[in-house]
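The structure's right below; bear with me while I get my questions together.
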Ligand code: C2E
Ligand code: MG
Ligand code: MG
């Protein structure tokens, strides 16, 4: 039963509408009214021309007075023309929340006032001259209608004037006046239709004007369906039942009337036709209403998706920065009491891995809820992934952040969760929110993985490092194009002969401002900003070019290991890129080793495993970098087919003193051999380490003991002067 009631109340438009929906319907009506105004202007202009040609011109030729004739035959049409024009301009100039410009204000003010004056002048006719009708009662009815029409015309003029004054002087939305103008217009149309058709009918003509007016009103102006039923129903009832079947002193019957001696009939079937007409029209109005409502809902959803983060319902980053910019501008003093926060969730990746994406999404939505509660009246948004940003007041910041941290930490008993937050204090009201967020983000980044520290403020000591990061991001293209990115080569040697069997290419950024930059200064930033592929492509190309030059010069060459970032596989087609370089410089594939770090592979992304397979098929040697530094080393060994495993240098740190470390290394090397992988240990700095590694069967060694990463020319010098012996086998 409830369902049925709900269904009907929805169909008839009794349901509660949101402000957005109401405004949308209202705005649609205003848009339609522009056309209505335009139609009225056209119609009245045509009527005026007609009057001039058919009435005034013949009478002028017969010697009539022009001004008298002009007033007599055109005054009413001018009035309606003025009304149409006023309505059209009023609706054309309509803009929610915007001040009216001076010229528009003057236009509306003049046209509205002219209407009021003119209406007042002409309305006297309704009181003084009874309309030419066949009966006195009819004359009274028609005069009453005329009075109503003039009153409504006057109201429209008055509402246009008042509306213009409010909009221009106070920039206030005056929805009531907008409604008054449109509703008055609706009523005028209906009254006009009834008035004209009523007299037409008594004059023996069809009631086309009435029908036109109800269609005009019903299809262009859409109110709630029950309102439509009431208004149209009342017009039909009033017109058909009360007026057309009106009996005066028994002189004529309902369906048969005598006009000027002739019998006029309302054909009996018409009652049914009128009802059918009314129902059809009402149905069309219903359909348009519901169509508009669903448009409103779609528009709302679209608007929402452009402004909100789809998962959490917080603002999205773009919208956040836009709103924050306005808020920042509004700050007039006490700038540093306003802060931007960048909040990162500790261990979110681990949570996602262990609990699955769905739970991960739920967790993020919950965090968004915490944020909205804790930072009420502030701007909160999700920037991306597990990163949130807030623009708020600095008071009680510490308490608020520790509440947030406690809530996040308490979300899961088994996974150590928490937040780290960077805080950036505003220093003026012309700051760019994006830069402020970047700074807060940088600050947060400095306490990543420090679970005890919840937040840190961005300060001057950070600004130099931050500037450098920004510099890297902004200059990566310059660096690539100007050759600031160069590979340094670090030798890899056989553990038995200590002869060089390869080199690892390690990137260096030779900067005109900062001098030489090391990978830890640019690789993490470039990864964070998803620009790393630009650098890697440049390094790959330089390496291929260096190999080609060496070969062209007749020197013997050794294979070079290239470091691939995990993102290289997302940001470019890494296999194709390398292949095209290898072809361009005509390099044999066995001169290139593909190094991928272990941590890159823990995500188990299909693009990564596909790329690994393609490299393998093409004949590249695959090397697993930094083995033992991540979390899931053994799975990586199981899931991928590497030729060489590079054991992380951390295993060597206490080799001499720790029996455990020695046993562990021994086991790793044996295990790798058992699954047909060769081994290399990185970071070999002492002879004792090298001897031990050789003794337990590690095939290759790399480290400062044999050489630091150096430029190509230095490497060549070392080979030429015999410091570095080159092996004749490198497989
Ligand atoms: P990685 O690939 O594990 O490279 C070995 C790092 O250990 C190099 O640091 C190297 O200089 C350092 N190293 C080598 N032998 C020793 C030693 O005996 N003692 C010590 N303490 N360190 C040693 P570097 O050049 O600073 O590179 C750091 C990391 O940056 C690299 O680690 C690699 O992951 C990344 N990287 C370097 N160049 C590139 C590149 O062109 N592309 C990408 N994607 N990553 C690169
Ligand atoms: Mg490496
Ligand atoms: Mg390594």
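The values are calculated or read from the model by the stated rules, or taken from the named source; none is laboratory data. What you see is a predicted model, and the numbers here were worked out from it, not measured in a lab. Cβ sites come from the backbone with ideal geometry, for glycine too, and all protein chains shown count toward neighbours.
Assigned by TED's automatic domain parsing to the domain that holds residue 415 and under 17 Å from residue 434 (Cα atoms): is that true of residue 357 in this structure? Can you show your working first?
Values: assigned by TED's automatic domain parsing to the domain that holds residue 415: yes; under 17 Å from residue 434 (Cα atoms): no.
Considered against the rule, which asks whether it is assigned by TED's automatic domain parsing to the domain that holds residue 415 and under 17 Å from residue 434 (Cα atoms), residue 357 comes out as no.
Still on this structure: Does residue 584 qualify as being more than 15 Å from ligand 3 (Cβ to nearest atom), under 22 Å from residue 541 (Cβ atoms) and over 40 Å from the mean Cα position of the chain (by Cα)? It would help to see each step written out before you state the result.
Values: more than 15 Å from ligand 3 (Cβ to nearest atom): yes; under 22 Å from residue 541 (Cβ atoms): yes; over 40 Å from the mean Cα position of the chain (by Cα): yes.
Yes; evaluated as a whole, the condition is true for this residue.
Surrounded by fewer than 17 Cβ atoms within 10 Å (Cβ to Cβ), in contact (Cβ under 8 Å) with a residue 60 or more places away in the chain and farther than 15 Å from residue 80 by Cα - does that describe any residue in the stretch 194-207? Don't jump to the end; show me each part of the working.
Within the stretch 194-207, the subset surrounded by fewer than 17 Cβ atoms within 10 Å (Cβ to Cβ) is 200, 203-206.
Now restrict to residues that are in contact (Cβ under 8 Å) with a residue 60 or more places away in the chain: 204.
Subsequent filtering for residues that are farther than 15 Å from residue 80 by Cα retains 204.
Yes, the stretch 194-207 has at least one match.
Follow-up question, since we're still on this one. Could you please find all residues in the stretch 483-513 being away from ligand 1 (no atom under 15 Å from the Cβ) and under 18 Å from residue 698 (Cα atoms)? Don't jump to the end; show me each part of the working.
Narrowing the stretch 483-513 to residues away from ligand 1 (no atom under 15 Å from the Cβ): 494, 496-497, 499, 501, 511-513.
Across the stretch 483-513, the qualifying residues are 494, 496, 497, 499, 501.
Condition (residue is within 26 Å of residue 213 (Cβ to Cβ) and in a loop (DSSP other than H, G, I, E, B)) applied to the stretch 56-79: is it met by at least one residue? Explain how you work it out, then say what you get.
Just the residues of the stretch 56-79 that are within 26 Å of residue 213 (Cβ to Cβ), to begin with: 72-79.
Subsequent filtering for residues that are in a loop (DSSP other than H, G, I, E, B) retains none.
So far as the stretch 56-79 goes, no, none of its residues is within 26 Å of residue 213 (Cβ to Cβ) and in a loop (DSSP other than H, G, I, E, B).
Let me ask you something else. Does any residue of the stretch 450-468 turn out to be on the phi < 0 side of the Ramachandran plot, touching a residue at least 60 places away in the same chain (Cβ under 8 Å) and either within 16 Å of ligand 2 (Cβ to nearest atom) or surrounded by fewer than 21 Cβ atoms within 10 Å (Cβ to Cβ) (or both)?
There is at least one residue in the stretch 450-468 that is on the phi < 0 side of the Ramachandran plot, touching a residue at least 60 places away in the same chain (Cβ under 8 Å) and either within 16 Å of ligand 2 (Cβ to nearest atom) or surrounded by fewer than 21 Cβ atoms within 10 Å (Cβ to Cβ) (or both).
Residue 663 fails exactly one of the following numbered conditions: (1) surrounded by 12 or more Cβ atoms within 10 Å (Cβ to Cβ); (2) away from ligand 2 (no atom under 16 Å from the Cβ). What is the number of that condition?
Status for residue 663: all satisfied but (1).
From the list 630, 619, exactly one residue is within 16 Å of ligand 2 (Cβ to nearest atom) and touching a residue at least 24 places away in the same chain (Cβ under 8 Å). Which is it?
Values: 619 fails: within 16 Å of ligand 2 (Cβ to nearest atom).
Checking each option against the conditions leaves just 630.
Has the stretch 634-656 got any residue that is in contact with a strand residue (DSSP E or B) (Cβ under 6 Å, 6 or more places away or on another chain) and either over 25 Å from residue 502 (Cα atoms) or away from ligand 3 (no atom under 16 Å from the Cβ) (or both)?
Initially, the stretch 634-656 is screened for residues in contact with a strand residue (DSSP E or B) (Cβ under 6 Å, 6 or more places away or on another chain), giving 642-648.
Subset that is either over 25 Å from residue 502 (Cα atoms) or away from ligand 3 (no atom under 16 Å from the Cβ) (or both): none.
Checked against the condition, which is being in contact with a strand residue (DSSP E or B) (Cβ under 6 Å, 6 or more places away or on another chain) and either over 25 Å from residue 502 (Cα atoms) or away from ligand 3 (no atom under 16 Å from the Cβ) (or both), the stretch 634-656 yields no hits at all.
Would you tally the residues in the stretch 514-555 being away from ligand 1 (no atom under 11 Å from the Cβ), in contact (Cβ under 8 Å) with a residue 12 or more places away in the chain and part of a strand (DSSP E or B)?
Of the residues in the stretch 514-555, 0 are away from ligand 1 (no atom under 11 Å from the Cβ), in contact (Cβ under 8 Å) with a residue 12 or more places away in the chain and part of a strand (DSSP E or B).
Does residue 488 satisfy the condition of being surrounded by 15 or more Cβ atoms within 10 Å (Cβ to Cβ), over 22 Å from residue 336 (Cβ atoms) and outside the structural domain of residue 394 (by TED's automatic domain parsing)?
Numbers: surrounded by 15 or more Cβ atoms within 10 Å (Cβ to Cβ): yes; over 22 Å from residue 336 (Cβ atoms): yes; outside the structural domain of residue 394 (by TED's automatic domain parsing): yes.
Yes: the conditions hold for residue 488.
Residues being away from ligand 3 (no atom under 16 Å from the Cβ) and part of a helix (DSSP H, G or I): count how many of those fall in the stretch 587-603.
Here is the first cut: in the stretch 587-603, the residues away from ligand 3 (no atom under 16 Å from the Cβ) are 587-592, 603.
After this cut, where a residue has to be part of a helix (DSSP H, G or I) as well, the list is 589-591.
Looking only at that region, the number is 3.
Quick check on the stretch 557-565. Is at least one of its residues more than 16 Å from ligand 2 (Cβ to nearest atom), outside the structural domain of residue 352 (by TED's automatic domain parsing) and part of a helix (DSSP H, G or I)? Break it down into steps so the answer makes sense when it comes.
Quick first cut of the stretch 557-565, residues more than 16 Å from ligand 2 (Cβ to nearest atom) only: 557.
Checking which are outside the structural domain of residue 352 (by TED's automatic domain parsing) leaves us with 557.
Those left that are additionally part of a helix (DSSP H, G or I): none.
No, every residue in the stretch 557-565 fails to be more than 16 Å from ligand 2 (Cβ to nearest atom), outside the structural domain of residue 352 (by TED's automatic domain parsing) and part of a helix (DSSP H, G or I).
So residue 678 passes all but one of these: (1) more than 27 Å from residue 349 (Cβ to Cβ); (2) within 16 Å of ligand 1 (Cβ to nearest atom); (3) in contact (Cβ under 8 Å) with a residue 12 or more places away in the chain. Which condition number does it fail?
It fails just one condition, (2).
For residues in the stretch 506-525 being more than 14 Å from ligand 2 (Cβ to nearest atom), modelled with pLDDT of 95 or more and in contact with a helix residue (DSSP H, G or I) (Cβ under 6 Å, 6 or more places away or on another chain), which is farthest from residue 441 (Cα to Cα)?
509
Of these, 49, 71, 137, 111, which one is surrounded by 13 or more Cβ atoms within 10 Å (Cβ to Cβ) and either assigned by TED's automatic domain parsing to the domain that holds residue 222 or more than 22 Å from residue 183 (Cα to Cα) (or both)? Before the answer, list the steps.
Numbers: 49 fails: surrounded by 13 or more Cβ atoms within 10 Å (Cβ to Cβ); 71 fails: surrounded by 13 or more Cβ atoms within 10 Å (Cβ to Cβ); 137 fails: surrounded by 13 or more Cβ atoms within 10 Å (Cβ to Cβ).
Result: 111 is the single residue among 49, 71, 137, 111 that is surrounded by 13 or more Cβ atoms within 10 Å (Cβ to Cβ) and either assigned by TED's automatic domain parsing to the domain that holds residue 222 or more than 22 Å from residue 183 (Cα to Cα) (or both).
Looking at the structure I just gave you, is residue 606 within 16 Å of ligand 3 (Cβ to nearest atom) and modelled with pLDDT under 95?
On the way: within 16 Å of ligand 3 (Cβ to nearest atom): no; modelled with pLDDT under 95: yes.
In short, no.
Among the residues of the stretch 579-591, write down those that are touching a residue at least 40 places away in the same chain (Cβ under 8 Å) and touching a strand residue (DSSP E or B) at 6+ places or on another chain (Cβ under 8 Å).
If we filter the stretch 579-591 for residues that are touching a residue at least 40 places away in the same chain (Cβ under 8 Å), which is where we start, we get 581, 584-585, 587, 590-591.
Correct list: 590, 591.
Quick check on my filter: what residues within the stretch 706-728 are within 16 Å of ligand 3 (Cβ to nearest atom) and crowded, with 17+ Cβ neighbours inside 10 Å?
We begin by selecting, within the stretch 706-728, every residue within 16 Å of ligand 3 (Cβ to nearest atom); these are 706-709.
Hits for the stretch 706-728 are 706, 707, 709.
Hey, another quick one. Could we say that residue 92 is assigned to a helix (DSSP H, G or I), at pLDDT 85 or above and buried (at least 19 other Cβ atoms within 10 Å of the Cβ) here?
Details: assigned to a helix (DSSP H, G or I): yes; at pLDDT 85 or above: yes; buried (at least 19 other Cβ atoms within 10 Å of the Cβ): no.
When the stated conditions are applied, residue 92 does not pass them.
Let me ask you something else. Give all pairs with beta carbons closer than 7 Å in which a residue from the stretch 29-46 that is outside the structural domain of residue 80 (by TED's automatic domain parsing) meets a residue that is modelled with pLDDT of 90 or more and surrounded by fewer than 21 Cβ atoms within 10 Å (Cβ to Cβ); count only pairs at least 6 apart in sequence or on separate chains.
No pair meets every condition.
Sort out which residues of the stretch 703-729 are part of a loop (DSSP other than H, G, I, E, B) and within 16 Å of ligand 1 (Cβ to nearest atom), and write them in order of number. First the steps, then the outcome.
If we filter the stretch 703-729 for residues that are part of a loop (DSSP other than H, G, I, E, B), which is where we start, we get 703-709, 711, 721-725, 727-729.
Across the stretch 703-729, the qualifying residues are 703, 704, 705, 706, 707, 708, 709, 711, 724.
How about the stretch 664-688: which of its residues are within 16 Å of ligand 3 (Cβ to nearest atom) and in contact with a strand residue (DSSP E or B) (Cβ under 8 Å, 6 or more places away or on another chain)?
So in the stretch 664-688, the residues within 16 Å of ligand 3 (Cβ to nearest atom) come out as 665, 668, 672, 677-685.
Within the stretch 664-688, 665, 668, 672, 677, 678, 679, 680, 681, 682, 683, 684 meet the criteria.
Related question: Regarding the stretch 116-128, can at least one residue be identified that is in a loop (DSSP other than H, G, I, E, B) and either in contact (Cβ under 8 Å) with a residue 24 or more places away in the chain or crowded, with 17+ Cβ neighbours inside 10 Å (or both)?
No - not one qualifying residue is present in the stretch 116-128.
Within the stretch 471-488, is there a residue that is within 21 Å of residue 683 (Cβ to Cβ) and either more than 16 Å from ligand 2 (Cβ to nearest atom) or modelled with pLDDT of 95 or more (or both)? Before the answer, list the steps.
In the first step, residues of the stretch 471-488 are kept if they are within 21 Å of residue 683 (Cβ to Cβ); the result is 487-488.
Now restrict to residues that are either more than 16 Å from ligand 2 (Cβ to nearest atom) or modelled with pLDDT of 95 or more (or both): 487-488.
Among the residues of the stretch 471-488, at least one is within 21 Å of residue 683 (Cβ to Cβ) and either more than 16 Å from ligand 2 (Cβ to nearest atom) or modelled with pLDDT of 95 or more (or both), which makes the answer yes.
Could you tell me which numbered condition residue 471 fails, if it satisfies all but one of (1) exposed (fewer than 15 other Cβ atoms within 10 Å of the Cβ); (2) within 37 Å of the chain's Cα centre (by Cα)?
Looking at each condition in turn, residue 471 falls short on (1).
Is it the case that residue 161 is in a helix (DSSP H, G or I), surrounded by 14 or more Cβ atoms within 10 Å (Cβ to Cβ) and modelled with pLDDT of 90 or more? Steps first, please.
Details: in a helix (DSSP H, G or I): yes; surrounded by 14 or more Cβ atoms within 10 Å (Cβ to Cβ): yes; modelled with pLDDT of 90 or more: yes.
Spelling it out, residue 161 is indeed in a helix (DSSP H, G or I), surrounded by 14 or more Cβ atoms within 10 Å (Cβ to Cβ) and modelled with pLDDT of 90 or more.
Right, something else. Regarding residue 476, is this residue out of contact with any strand residue (DSSP E or B) (no Cβ under 8 Å at 6 or more places or on another chain) and at negative phi? Give the steps one after another, and end with the answer.
Values: out of contact with any strand residue (DSSP E or B) (no Cβ under 8 Å at 6 or more places or on another chain): yes; at negative phi: yes.
Taking the combined requirement at face value, the residue satisfies it.
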